[in-house]
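As structure tokens, the structure follows; a few thoughts come after it.
The values are calculated or read from the model by the stated rules, or taken from the named source; none is laboratory data. The model shown is predicted, which means the values in this text are computed figures rather than measured ones. Neighbour counts are summed over all protein chains in view; Cβ atoms, including those assigned to glycine, are modelled from backbone coordinates with ideal geometry. Areas reflect the complete protein model, heavy atoms only, side chains present, ligands, DNA and RNA absent. Shrake-Rupley method; radii C 1.70, N 1.55, O 1.52, S 1.80 Å.
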Amino acid sequence: MPVLTDLVRLHTYLDEAALDRLHGLLADWQILADLSFADLVLWLPDRTRAGFWAGGQMRPTTGPTAYVEDVVGTFVPAGGHAMLDTAYGEGRLVRDADPEWRAEVPVRVEAIPVRSGDSVIGVVTRDTNLLGVRTPSRLELAYLRTADDLTRMIAAGEFPPPGQRRDNADSPRV
């Protein structure tokens with residue numbers, strides 16, 4: 001499986017500072033997947049602006065996955081996923097009202113721009129498997145509200161906080 005550093009260097013225009021920011025995000029994104037009950041995929045802009053490369057993927061430990069296969073290293077051409085194009089181009093969160101269907105599974109998708117300073121350096125999709133969705137408990141609703149807060153922080157370039165030590169010893173967990 002390709003690693004983030006290789007994909008960034010082979011296919012994108014991103015510099016070392018952006019790569020460091022992306023590594024920091026991936027080191028701390030399990031908490032967002034778990035609080036969201038959703039898969040996360042990091043999409044990187046192609047250096048020729050031809051589309052996006054999947055640079056990372058995280059499955060939730062709190063719910064069913066939205067992906068049967070790993071997607072890291074796959075390519076989506078520009079126009080192939082309008083939410084990616086919009087989140088990256090306009091630097092804003094994009095939520096789709098209607099679910100996508102994948103192998104007879106309804107999936108709610110949200111596209112979150114990833115910032116480094118004033119620049120958008122990628123997009124995280126938050127993909128929620130809606131099969132078997134039920135009325136959430138108060139605890140689950142609190143998790144989802146917290147996940148929404150973290151999502152807004154990613155879009156604003158505030159999560160994870162810069163300069164924070166990232167290793168398994170102090171990684172935030174649900």
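Values as computed for the structure displayed
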| quantity | calculated |
| --- | --- |
| Pair list, Cβ under 6 Å, 6 or more apart: region 19-45 residue under 14 Å from GLY157 (Cα atoms), other residue small (Gly, Ala, Ser) and open to solvent by 10 Å² or more (accessible area, probe 1.4 Å) | ARG21/SER116 |
| Residues being in a loop (DSSP other than H, G, I, E, B) and without any contact (Cβ under 8 Å) to a residue 40 or more places away in the chain - total across region 62-80 | 7 |
| Some residue of region 143-151 being touching a residue at least 60 places away in the same chain (Cβ under 8 Å), part of a strand (DSSP E or B) and closer than 23 Å to ASP85 by Cβ | no |
| Verdict on LEU4 being in contact (Cβ under 8 Å) with a residue 60 or more places away in the chain and open to solvent by less than 20 Å² (accessible area, probe 1.4 Å) | no |
| Any hit, region 53-68, residues being under 14 Å from the mean Cα position of the chain (by Cα), farther than 24 Å from LEU131 by Cα and at pLDDT below 95 | no |
| Sole residue being of a type outside the set (S, T, N, Q), in a loop (DSSP other than H, G, I, E, B), under 14 Å from the mean Cα position of the chain (by Cα) and at pLDDT 95 or above, chosen from ARG92, ARG115, ARG126 | ARG92 |
| Enumeration of residues in region 134-150 that are of a type in the set (Val, Ile, Thr) and within 11 Å of LEU35 (Cβ to Cβ) | THR146 |
| Residue list for region 129-151, filter: open to solvent by 30 Å² or more (accessible area, probe 1.4 Å), small (Gly, Ala, Ser) and modelled with pLDDT of 95 or more | ALA142 |
| Residues that are closer than 12 Å to THR125 by Cα and part of a strand (DSSP E or B), drawn from region 24-51 | ASP39, LEU40, VAL41, LEU42, TRP43, LEU44 |
| Options LEU32, LEU25, LEU7: the member that is modelled with pLDDT of 95 or more, touching a strand residue (DSSP E or B) at 6+ places or on another chain (Cβ under 7 Å) and more than 18 Å from ALA87 (Cβ to Cβ) | LEU7 |
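Quick grid of which residues meet (1) surrounded by fewer than 21 Cβ atoms within 10 Å (Cβ to Cβ); (2) on the phi > 0 side of the Ramachandran plot:
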{"site": "LEU26", "(1), (2)": "yes, no"}
{"site": "ALA66", "(1), (2)": "no, no"}
{"site": "ALA78", "(1), (2)": "yes, no"}
{"site": "GLY91", "(1), (2)": "yes, yes"}
{"site": "GLU100", "(1), (2)": "yes, no"}
{"site": "SER116", "(1), (2)": "yes, no"}
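The rows are residues; the columns are (1) within 14 Å of ALA111 (Cα to Cα); (2) over 11 Å from the mean Cα position of the chain (by Cα).
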| site | (1), (2) |
| --- | --- |
| ALA38 | yes, no |
| ASP46 | no, yes |
| GLY51 | no, yes |
| GLY80 | yes, yes |
